[in-house]
Amino acid sequence: MVFKVDFSKWWDIPTTDKQIGLESYDSINLISWGDFAINVTIFNSWLVIALIVLFSILVTRNLKYEKDVSKCQIMLETLVLWLQKEAKDTSSAKNNQYLGMALGLFCFIMVANLLTFIPWFRPPTASLSTTMALATVVFFAIPYFAIKNAGVKGYLKKFIEPMPLMLPLNIFSEIFSVLAMGLRLFGNMLSGVMFAMILSAFIPFVAPLLMQSLGLLTGSIQAYIFALLAVVYSSSVKEYDEQSEII
Amino acid sequence: MDSYAIIGAVSVLGACICMGIGSLGSALGEGQTAAAAMQAMAQQPDEASRIRSTMFVCLAMLETTALYALLIAFLALYANPFWNYAISQN
């Protein structure tokens, strides 16, 4: 059991001849101790989480009301209020029960995607393990919110909704809709990263800049879509008296 | 032609065809969705924000089919299982 710390790989700017491919992100170990290893994906996820938490703690330490409000506080308030409105509109729920999940997913994916403008930062969302972990959160959030809102009977009733013959199809769609969320985020981020890498081999300095600015737009849209789809799927089972809305 | 050349050529060709055909339907569908959403926004400017958010969700869903094609193309190019098989045979 040898304890080894090697951060030199973190600074490596990915090039086309090596470190490209589906597994490359998870195979670079920064800290290894026997079988236990911390790779770039995990380390960068922790970095993103630490950034969000530190920023939130620093901003919310001295909150002001009506006057001398800092810019960061206005930013966070705008973010929370906007997402609250979006989640309420999409789920047509009366309370803010989806806000926590949507805000957590949105902040993590948004910060991870926006940090791609640092050249040697490998976004954790471009690894299949991270996006599948996020999709697993949504997968367990769906029955949680459904049972909370409509009870166990209401949740199970969803699977035989048009008729009992549709039971296998409903189960498949339940699994694959969540699987598609993870794959979508992964595919979008990976295509952006790899496209920038391949272009930088042909036309360095000019073409990757344009592609990365496009990647910032794609990344923020993907963060919004992931949070919104999580709310849409979680609110698919509603209370009995409410008329369901198809989106 | 040895097995390396055949596997390499077929992988690249397959990835290109997969991307081309796979993105075609998704692009057509996304174009129709955007056109319909813009028409709806022009007719009802008050509902523009709701239409926009719904449009983004629909676009993301349509894009998934192209992304599946992309993943298969990546799989054929960078994580081809037959490539390792050919190496182990020789």
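The values are calculated or read from the model by the stated rules, or taken from the named source; none is laboratory data. Owing to the predicted nature of the structure, the values given are computational and were not obtained by experimental measurement. Positions of Cβ are backbone-derived with ideal geometry, glycine not excepted, and every protein chain shown enters the neighbour counts. To get the accessible areas, we keep the full protein, side chains included, count just its heavy atoms, and leave off ligands, DNA and RNA. Shrake-Rupley method; radii C 1.70, N 1.55, O 1.52, S 1.80 Å.
Put simply, chains B and A cover up around 1700 Å² of each other's accessible surface, both sides summed, when a 1.4 Å probe is used.
Compute the acute angle (0 to 90°) between the alpha-carbon long axis of helix B:48-78 and the principal axis of greatest extent of the alpha-carbon atoms of chain B; round to the nearest 10°. With rounding to tens, the tilt is 0 degrees.
Checking the cross-link pairs A:LYS67/A:LYS94; A:LYS71/A:LYS94; A:LYS88/A:LYS238; A:LYS85/A:LYS157 against a 24 Å limit on the alpha carbon distance flags A:LYS67/A:LYS94; A:LYS71/A:LYS94; A:LYS85/A:LYS157 as lying beyond it. Taken over the range A:63-234, the ratio of Cα radius of gyration to 2.2 N^0.38 Å equals 1.24.
In this structure the protein assembly as shown gives 58 Å² per residue of accessible area when probed at 1.4 Å with all protein chains present. Calculate, for A:TRP33 and A:SER92, the FRET efficiency according to 1/(1 + (r/R0)^6) with r their C-beta to C-beta distance and R0 30 Å; round to the nearest 0.05. E(calc), rounded to 0.05, equals 0.05. Relative to the dominant Cα principal axis of chain A, helix A:167-202 is inclined by about 20°. Mean residue ellipticity at 222 nm, helices only, the protein assembly as shown: -24500 deg cm²/dmol; runs of at least 4 DSSP H residues each add -39,500 (n - 2.57), and the sum is divided by the number of residues. When only the Cβ of Lys, Arg, Asp and Glu is charged (+1, +1, -1, -1), the dipole of the protein assembly as shown relative to its Cα centre reaches about 560 debye. For chain A, the longest principal axis of the alpha carbon atoms and the long axis of helix A:40-60 meet at an angle near 70°. Taken over the alpha carbons of the protein assembly as shown as equal point scatterers, the Debye sum produces base-10 log I(q)/I(0) values at 0.10, 0.13, 0.15 Å⁻¹ of -0.74, -1.19, -1.45.
Computed in the context of the full set of protein chains, the accessible area of the protein assembly as shown at 1.4 Å probe radius has 70% of its extent on carbon or sulfur.
Going by accessible area, probe 1.4 Å, with all protein chains left in place, what is the ranking of A:ARG184, B:ARG52, largest first?
Per-residue accessible area, sorted high to low, gives B:ARG52, A:ARG184.
Within the assembled protein chains, the solvent-accessible surface assigned to A:MET197 is about 20 Å², based on a 1.4 Å probe. Comparing each chain alone with all protein chains together (probe 1.4 Å, DNA, RNA and ligands left out), the residues of the range A:173-212 losing at least 40 Å² of accessible area are A:LEU183, A:ARG184, A:MET194. Taking amide H positions as modeled 1.01 Å from N, with prolines and chain starts lacking one, the residues under 5 Å from A:ASN39 and 5 or more places away or on another chain are A:LEU30.
Expressed as a whole percent, the proportion of Cα-Cα pairs in chain B lying more than 22 Å apart is 49%.
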